Amino acid sequence: AEHMVRSLETSAHAYVSTEVDYEAVERVRRATKDSFRAEEGVSLTFLPFVARALVDALAEFPLVNASMGEDADHIVVHGSINLGVAVDLDHEGLIVPVVHEVQDQRLRAIARNVADLAERARARHLTADEISGGTVTITNVGGTGSTFLLPVINQPQVMILSTDGVSRRPVVLTDGAGGESIAIRSMGNLTLGWDHRAFDGAYAAQFLARVRDIIETRDWSSEI
């Protein structure tokens, strides 16, 4: 609680949100979820897809993977990406275990490591190294069906990404010739909270748009 209050007092919190078409992800999940669980021992959720897209987008927007310096006059851009994932401890607190060097991991490894850390976090079996050193954070409340969350930045990081619920609903699609049609798609929101001292709204919006584009257009079957 003290850490969160201090974060609000320290960082100039700002937010940007975007709607994401998860249809490409959902098709792969439906086709492979049973074999994935049999092979990896964990469920194939939306989270590792978002994490993988986040990692790739950070290569183009390095200021997001950064921390404010101790004197707040400069930004420390990190060479490695250490992904924190917020885990609820059965309503008795919140902890953020960290997947280190996530830039070197593909989707299967991310899914395994996130699930393992979350399970051991709830069992209170994490080591000190596994809850420290994070450079970016995802808070995943989508399983509750939420539509919009304004998360608090985990200091000294300069961002936090919220994943909200994915649901089937009708949307308008536009083809290459400009024609429109209505289709049922898997849609959800992503919300980026960032420290406005680190970068401005244009940079934040373009970064989040890049995450969205990767989720929507990547050939995810090659990752599985």
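Label Glu19 and His91 with points 7 Å out from Cα along Cα→Cβ: what is the distance between them in nm? Calculated label separation equals 3.3 nm. Model label sites at Ser35 and Glu70, defined 7 Å from Cα along the beta-carbon direction, differ in position by 5.3 nm. Select one label from [x] 53, 41, 32; [y] 52, 42, 35; [z] 62, 52, 34: the one whose number is Cα extents along the principal axes in Å as derived from the coordinates shown. Structure-derived value, by its label: [x]. Stokes-Einstein, applied to the Kirkwood radius of the stretch 52-133 over Cα pairs at a viscosity of 1.567 mPa s and 4 °C, places its translational diffusion at 93 µm² s⁻¹. Length gained on full extension, Ser146 to Arg6: 47.8 nm, using 0.36 nm per residue less the C-alpha separation. Here the relative contact order of the stretch 26-185, from alpha carbon pairs under 8 Å that lie six or more residues apart, stands at 19 percent. For the chain, a Gaussian network of Cα nodes joined below 10 Å ranks Val25, Val152, Val171 by mean-square fluctuation, and the top entry is Val171. On the stretch 4-57, 49 percent of the accessible area sits on carbon and sulfur atoms, based on a 1.4 Å probe. Between the stretch 74-151 and the stretch 190-222, how far is it from one alpha carbon centroid to the other, in angstrom? After rounding, the separation between the Cα centres reads 18 Å.
Solvent-accessible area of the stretch 147-215 (1.4 angstrom probe, protein heavy atoms only): carbon and sulfur portion equals 56 percent.
Adding -39500 (n - 2.57) for every DSSP H run of four residues or longer, then dividing by how many residues the chain holds, sets the calculated 222 nm ellipticity at -11000 deg cm²/dmol. The antiparallel fraction among DSSP beta bridges confined to the chain stands at about 85%. Accessible surface computed residue by residue for the chain, with neighbouring protein chains in place and a 1.4 Å probe, gives 49 Å² per residue.
The values are calculated or read from the model by the stated rules, or taken from the named source; none is laboratory data. Bear in mind that the values here come from a model prediction, so they are computed numbers and not experimental data. Neighbour counts run over all protein chains shown; Cβ positions are idealised from the backbone, glycine included. Only protein heavy atoms, including side chains, enter the accessible area calculation; ligands, DNA and RNA are left aside. Shrake-Rupley method; radii C 1.70, N 1.55, O 1.52, S 1.80 Å.
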